[in-house]
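The values are calculated or read from the model by the stated rules, or taken from the named source; none is laboratory data. If you're wondering where the values come from, they're calculated on a predicted model, not measured in any experiment. Cβ coordinates were reconstructed from backbone atoms using ideal geometry, including for glycine residues, and neighbour counts include every protein chain displayed. Remember, those area values only see protein heavy atoms, side chains included, never the ligands or the DNA or RNA. Shrake-Rupley method; radii C 1.70, N 1.55, O 1.52, S 1.80 Å.
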Amino acid sequence: MKILLLEDDPILTKEISDFLRLKNVDCDHVYDGELFLKRIRNHDYDLFLLDINVPKVNGLELCKGIRKKKSDAMIIMTTAYGEIEEKSEAYLSGADDYLVKPFLLQELWLRIQALERRKTAVSIQVDSLRIGDLTIDNNQKLVLRNGKEIQLTPKEYKLLQILIDHKGIVLSKQKIADQLWDEHVETNLNTIEVYINFLRNKIDRDFEQKLIHTKVGFGYYIQSIE
């Protein structure tokens, strides 16, 4: 695995870089957004660790650009801010995960491993699934609603798969979190609500029939009226 770290704190940069190299991970680092853009023009990376508040081009803008060009990239955002609004903005920009500083290096490693497992795991999947006028092509990672392509981030796609795998069954936030993230990673359950809202905006907003439903006090489920 090759990782590019964007971090303007030299002490934290050294700590993270040294730690990852001890894990036999190839980690390059840059200190500002312009250097980051120059680096990715000439080098390929599997995972990006992006501080949000860095000079010249901030991490959120870089995250959006990466996600547009490389949909399967693994992206973890880091920041000193832990409010739900900041997390929502990061996930909406295309981040797969979010760490609030200060964080334990071992926790960072667990999250990197979790992302890598989900990307490389081989699972037996039905080639194509259909719910109402929604079609999911697992081979092409393509989602269509009434023939219109719906662009999803990898995390949103995973959430949709979880709901479809339990079609008609109400899933609690905790149940969804257990499948959406690695079991060793603690996640604020409000993040699940954020992702459900992201998915609803893409899957249901422009269509009369809604597929994603809430059972107040219990959780979420996907179902169509045939």
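The table that follows gives values for the structure above.
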{"item": "Residue that is farthest from residue 65 (Cα to Cα), among those in the range 18-27 that are without any contact (Cβ under 8 Å) to a residue 24 or more places away in the chain and open to solvent by 70 Å² or more (accessible area, probe 1.4 Å)", "result": "22"}
{"item": "Answer from 214, 135 - the residue that is open to solvent by 50 Å² or more (accessible area, probe 1.4 Å), farther than 22 Å from residue 118 by Cβ, without any contact (Cβ under 8 Å) to a residue 60 or more places away in the chain and not hydrophobic (A, V, I, L, M, F, W, C)", "result": "214"}
{"item": "Residue 104, sole failed condition from (1) in contact (Cβ under 8 Å) with a residue 24 or more places away in the chain; (2) of a type in the set (A, V, I, L, M, F, W, C); (3) open to solvent by 60 Å² or more (accessible area, probe 1.4 Å)", "result": "(1)"}
{"item": "Test for residue 30: is it touching a residue at least 40 places away in the same chain (Cβ under 8 Å) and on the phi < 0 side of the Ramachandran plot", "result": "no"}
{"item": "Filtered residues of the range 31-49 (kept if open to solvent by less than 70 Å² (accessible area, probe 1.4 Å), within 21 Å of residue 111 (Cα to Cα), of a type outside the set (Phe, Trp, Tyr) and out of contact with any Ser or Thr (no Cβ under 9 Å at 6 or more places or on another chain))", "result": "46, 47"}
{"item": "Test: residue in the range 78-89 that is open to solvent by 20 Å² or more (accessible area, probe 1.4 Å), assigned to a helix (DSSP H, G or I) and either among the aliphatic types (A, V, I, L, M) or free of Cβ contacts under 8 Å to residues at least 24 places away in the same chain (or both)", "result": "yes"}
{"item": "Exclusive hit being at pLDDT below 90, under 28 Å from residue 83 (Cα atoms), acidic (Asp, Glu) and under 20 Å from the mean Cα position of the chain (by Cα), set 156, 116", "result": "116"}
{"item": "Scope the range 1-39; condition acidic (Asp, Glu) and over 17 Å from residue 77 (Cβ atoms); matching residues", "result": "15, 18, 26, 28, 34"}
{"item": "Filter result (within 23 Å of residue 68 (Cβ to Cβ) and open to solvent by 20 Å² or more (accessible area, probe 1.4 Å)) within the range 1-17", "result": "1, 2"}
{"item": "Extreme residue, nearest to residue 105 (Cα to Cα), among residues of the range 1-20 that are over 24 Å from the mean Cα position of the chain (by Cα) and assigned to a helix (DSSP H, G or I)", "result": "15"}
